[in-house]
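Peer 1: My questions will all concern the structure given below.
The values are calculated or read from the model by the stated rules, or taken from the named source; none is laboratory data. Owing to the predicted nature of the structure, the values given are computational and were not obtained by experimental measurement. Neighbour counts are summed over all protein chains in view; Cβ atoms, including those assigned to glycine, are modelled from backbone coordinates with ideal geometry.
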Amino acid sequence: MFVNPVPGEVTAGELIDRVGLRGLRIGTAHVSEKHANFIQADDGGLAADVRAVIEVVRERVASETGYLMRSEVRLVGFPESAT
C-alpha cells in the first residue's frame, strides 16, 4: 500500500507495526493481520472506508515516527490529497 520510506533501512510495514496499527479496522476496511502494509476490504467494502484507514495510518505514523507515508496506488474518484 505504501512505499518503503527508506529502502533497506525501514519498511512501511515495520512502521505500521511500530505504531500498533496492524489489524486496525474502520467500517469494512482493515490493515491486514498477515502483512501490515496491506489494506483489505470486506466483500461489498466501501472505498471511503479504505481511504479512512489510509489516512489514519498516514497520520499516526507521521505523528509517532516522523516518517511520511506515500501511497503506492492512485485512488480514483478522490481529491489528489487522498493519494
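Peer 1: Quick check on region 61-73. Is at least one of its residues modelled with pLDDT under 95 and either more than 14 Å from Gly13 (Cα to Cα) or touching a His at 6+ places or on another chain (Cβ under 6 Å) (or both)?
Peer 2: Looking through region 61-73, at least one residue is modelled with pLDDT under 95 and either more than 14 Å from Gly13 (Cα to Cα) or touching a His at 6+ places or on another chain (Cβ under 6 Å) (or both).
Peer 1: May I ask you to verify whether Ala62 is within 15 Å of Pro5 (Cβ to Cβ), among the small types (Gly, Ala, Ser) and not in a loop (DSSP other than H, G, I, E, B)?
Peer 2: yes
Peer 1: Are any residues in region 29-81 surrounded by 15 or more Cβ atoms within 10 Å (Cβ to Cβ), of a type in the set (A, V, I, L, M) and in contact (Cβ under 8 Å) with a residue 60 or more places away in the chain, and if so, which ones?
Peer 2: Of everything in region 29-81, just one residue is surrounded by 15 or more Cβ atoms within 10 Å (Cβ to Cβ), of a type in the set (A, V, I, L, M) and in contact (Cβ under 8 Å) with a residue 60 or more places away in the chain, namely Met69.
Peer 1: Which of the numbered conditions does Arg51 fail, given that it passes all the others? Conditions: (1) closer than 18 Å to Gly77 by Cα; (2) within 11 Å of the chain's Cα centre (by Cα); (3) in a loop (DSSP other than H, G, I, E, B).
Peer 2: Looking at each condition in turn, Arg51 falls short on (3).
Peer 1: Residue by residue through region 5-60, note down the ones that are under 15 Å from Ser71 (Cα atoms), touching a strand residue (DSSP E or B) at 6+ places or on another chain (Cβ under 7 Å) and not hydrophobic (A, V, I, L, M, F, W, C).
Peer 2: Asn37, Gln40
Peer 1: Failed condition for Met1, given (1) modelled with pLDDT of 95 or more; (2) touching an Asp or Glu at 6+ places or on another chain (Cβ under 8 Å), with all others met?
Peer 2: Among (1) modelled with pLDDT of 95 or more; (2) touching an Asp or Glu at 6+ places or on another chain (Cβ under 8 Å), the lone unmet condition for Met1 is (1).
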